[in-house]
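A.B. asks: Below: one structure in structure tokens.
Taken together, the values in this text are just the output of simple stated rules run on the coordinates, not laboratory data. All of these numbers come straight from a predicted model, not from anything done at the bench. All Cβ positions, glycine included, derive from the backbone under ideal geometry; neighbour counts span all protein chains shown.
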Amino acid sequence: MSDVRDLIIVGGGPAGYTAALYAARANLNPLVIEGITFGGQLMITSDVENYPGYPEGVLGPAMMQDFRRQAERFGAEFITDDVTAVDFSERPFRIEVGDDEHFARAVIVATGASARQIGLESERLLQGRGVSYCAVCDAAFFRSKNVVVVGGGDSAMEEAIFLTKFADKVTVVHRRDEFRASPIMFDRARSNPRIDWITNAVVDEVLGENGKVNAVRVQNVNTGEKTELPTDGLFVAIGHDPNTKLFLDQLDHDEAGYLEVQPGSTETNIKGVFAAGDVADHTYRQAVTAAGTGAMAALDAERLLSSEEAEPFVTAPHAEAV
């Protein structure tokens, strides 16, 4: 067994980096296995104007670099690679990165969630340039403009309604003429005069000019007919998936795969394993809330480890683990 660390943090986004900052300042010498696609969803976001401390706004990737540098300043170490396996069945916990093994007395899972995408190359190229996955984050950039929302569930209805506070017109595009949204949310959206509807249709292409979205091409799923719809922005609201595949057979989770934590804590069902950020939050999904729970997780981990210092640490199996 290699040296056992106090803490390993899995994931590099607002939650993981904030946890690393707090843990490093608490002399826990954290190792952050941040992943190949580190930085989380903010790496595909252009301007961020709703995070405290950036009064002029900041680019998402630049903000994540700031978070990372601040944690690194206090001694956090980083591995820019993906975790391939975990074993929480006994302490110290084992984290595998390819052929390498790392051991820790405590682990914070901060792997985040990923917005589902339509899957178009043009969508990917125009992310942060008119293509968004979060109305709360980006609606203010579309004041007095026209935007399109793709989706038919509660999330799409919520996004569309929220966008009407800023945009002149919101067009909802849905592949069917029936909606998965709850009746109350659907009725609320239907009654909003700023929302138009295109049903039995999908967005076939995102069109841009000078590096920004200026239209979408919509295809009727019944007739195959394609039409161009001028728009200043495209909001994709077809759901999120928590990045929890590695942990589902060991940590408690809900039906959607989000990790469950103890009330008033970030601790999971396994003592010494904590969850922070979007990986355990399907409600808010904001950088500031992710950072907040990252701080909470680091504090929870530090308190646990401090309480154990009075007694010799021994390897112990976890009955809760599968």
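A.B. asks: About the Cα centre of segment 88-174, how large is the charge dipole given +1 on each Lys and Arg Cβ and -1 on each Asp and Glu Cβ? Please answer in debye to the nearest 20.
C.D. replies: Magnitude of the dipole: close to 440 debye.
A.B. asks: Where the centroid of each part is defined by its Cα atoms, how far is segment 34-73 from segment 271-310 in Å?
C.D. replies: If we compute the Cα centre of each part, the gap is 19 Å.
A.B. asks: Can you compute the FRET efficiency between Glu178 and Asn27 using 1/(1 + (r/R0)^6), with r the Cβ-Cβ distance and R0 = 45 Å? Round to the nearest 0.05.
C.D. replies: Taking R0 as 45 Å, the efficiency between Glu178 and Asn27 is 0.20.
A.B. asks: Note down the magnitude of the dipole of the chain about its Cα centre, charges +1 on Lys and Arg C-beta and -1 on Asp and Glu C-beta and zero elsewhere, to the nearest 20 debye.
C.D. replies: In debye, rounded to 20, the chain gives about 1140.
A.B. asks: Ok, one more. Towards the positive end of the charge dipole of segment 43-195, with charges on Cβ (+1 Lys, Arg; -1 Asp, Glu), say which of Phe186, Ala110, Ala139 has the farthest Cα.
C.D. replies: Phe186
A.B. asks: From Cα pairs below 8 angstrom and at least 6 apart in sequence, can you work out the relative contact order of the chain, rounded to a whole percent?
C.D. replies: RCO, the chain: 21 percent.
A.B. asks: Which value, in debye to the nearest 20, gives the size of the charge dipole of segment 117-236 about its Cα centre, when Lys and Arg are +1 and Asp and Glu are -1 at the Cβ?
C.D. replies: With only Lys, Arg, Asp and Glu charged at Cβ, the dipole is about 240 debye.
A.B. asks: Which of Val86, Val170, Val216 ends up with the largest GNM mean-square fluctuation for the chain, with Cα atoms connected below 10 Å?
C.D. replies: Taking springs between Cα atoms under 10 Å, the residue moving most is Val86.
A.B. asks: Taking Cα centroids, how far is segment 190-214 from segment 113-184 in Å?
C.D. replies: Segment 190-214 and segment 113-184 have Cα centres separated by 8 Å.
A.B. asks: Once a ≥ b ≥ c are taken as the square roots of the eigenvalues of the Cα gyration tensor of segment 118-245, is the result rounded (a/c under 1.5), prolate (a/b larger than b/c) or oblate (a/b not larger than b/c)?
C.D. replies: rounded
A.B. asks: If packing is taken as the average number of other Cβ atoms within 10 Å across a peptide's residues, how do 47-54, 201-208 rank, most packed first?
C.D. replies: Put in order of decreasing packing, that is 201-208, 47-54.
A.B. asks: Sticking with this one: Show me 102-110, 119-127, 241-249 ranked by packing, highest mean number of other Cβ atoms within 10 Å first.
C.D. replies: 102-110, 241-249, 119-127
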